[in-house]
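Have a look at the structure below before the remarks.
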Amino acid sequence: FKKIKKFSLRSSPPCSLNSISFLENLEELYFSNYIDQTDPDCWNLPIFNKLKKINLSTYYPFMEQNPLTKSKTIKNIEKCKNLEDVNLNIGVTYNYDDSRWNTTDVDLTKFNELKRLKNLELRSIDQTLIKNLSKLENLEELEIINPYMITEDSNSDDGTIHEPLTEDDFKFLNSAKKLKKLRIYFPR
């Protein structure tokens, strides 16, 4: 496994993010799959010291959440210090059979530690997480596509309703002096 630099996992049986830690020399990771939520560490990405590119998508969870795992937040991306390109499609997902929706979060609070990060794409992310971005000084390209806003029509189980995004949610862009390309697609 030490020779594997590029790894892709797509539409396979559920898999924990932490279960791929044996790929220690990984430079590119493409993960588009269900998460094995029976594993209490399923949301923890292993620390890959050579990882330069990650493309991560998660599907609507159909498994019962492990009682030891209280949240659905992907963690440790910022610990992969050589990341240059991050593409996350991990926000809202739908189960069309029973008209349910679900959000998976990502810890963005320490993305400023990714000093080599040039490209960042966030799709369907819970819009309240955007304000956790800060000081992305080397960022050259940013795409935020369809940030998810919980409205009254969403019928949130816990009654959550988001306020619309404002300029304050994008203050982190002030530090992105190298930014060349910016795309923000708001949902209709």
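The values are calculated or read from the model by the stated rules, or taken from the named source; none is laboratory data. These figures come from a predicted structure and were not determined experimentally. Glycine gets a Cβ as well: all are built from the backbone with ideal geometry, and neighbour counts include every protein chain shown. SASA here: full protein model, heavy atoms, side chains in, ligands and nucleic acids out. Shrake-Rupley method; radii C 1.70, N 1.55, O 1.52, S 1.80 Å.
Observations, loosely collected:
- Ile144 meets each of the listed conditions (1) under 19 Å from the mean Cα position of the chain (by Cα); (2) open to solvent by 90 Å² or more (accessible area, probe 1.4 Å) apart from (2).
- Contact annotation: residue pairs with Cβ atoms under 7 Å, 6 or more positions apart or on different chains, pairing a residue in region 27-43 that is under 8 Å from Asn55 (Cα atoms) with a partner that is of a type in the set (A, V, I, L, M), are Leu29/Leu51; Leu29/Ile54; Phe31/Leu9; Phe31/Leu56.
- Complete set of residues in region 1-27 that are among the β-branched types (Val, Ile, Thr) and open to solvent by 10 Å² or more (accessible area, probe 1.4 Å): Ile4
- Residue within region 52-59 that is β-branched (Val, Ile, Thr), surrounded by 19 or more Cβ atoms within 10 Å (Cβ to Cβ) and on the phi < 0 side of the Ramachandran plot present: yes
- Per-region count, region 28-40, residues assigned to a loop (DSSP other than H, G, I, E, B), crowded, with 16+ Cβ neighbours inside 10 Å and not hydroxyl-bearing (Ser, Thr, Tyr): 3
Results for (1) modelled with pLDDT of 95 or more; (2) of a type in the set (Ser, Thr, Tyr); (3) within 20 Å of Val106 (Cβ to Cβ), shown as yes or no for each residue.
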| position | (1), (2), (3) |
| --- | --- |
| Lys135 | no, no, yes |
| Asn138 | yes, no, yes |
| Glu152 | no, no, no |
| Asn155 | no, no, no |
| Gly159 | no, no, no |
| Lys171 | no, no, yes |
| Arg183 | yes, no, yes |
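- Enumeration of residues in region 85-129 that are over 20 Å from Pro164 (Cα atoms), of a type outside the set (D, E, K, R), open to solvent by 50 Å² or more (accessible area, probe 1.4 Å) and part of a strand (DSSP E or B): Asn89, Tyr94
- In the set Glu27, Glu84, only one residue is farther than 18 Å from Leu122 by Cα, in contact with a strand residue (DSSP E or B) (Cβ under 8 Å, 6 or more places away or on another chain) and among the charged types (D, E, K, R); that residue is Glu27.
- The condition (being within 18 Å of the chain's Cα centre (by Cα) and of a type outside the set (Asp, Glu)) is satisfied by just one residue among Asn55, Asn49, Asn95, Asn25: Asn55.
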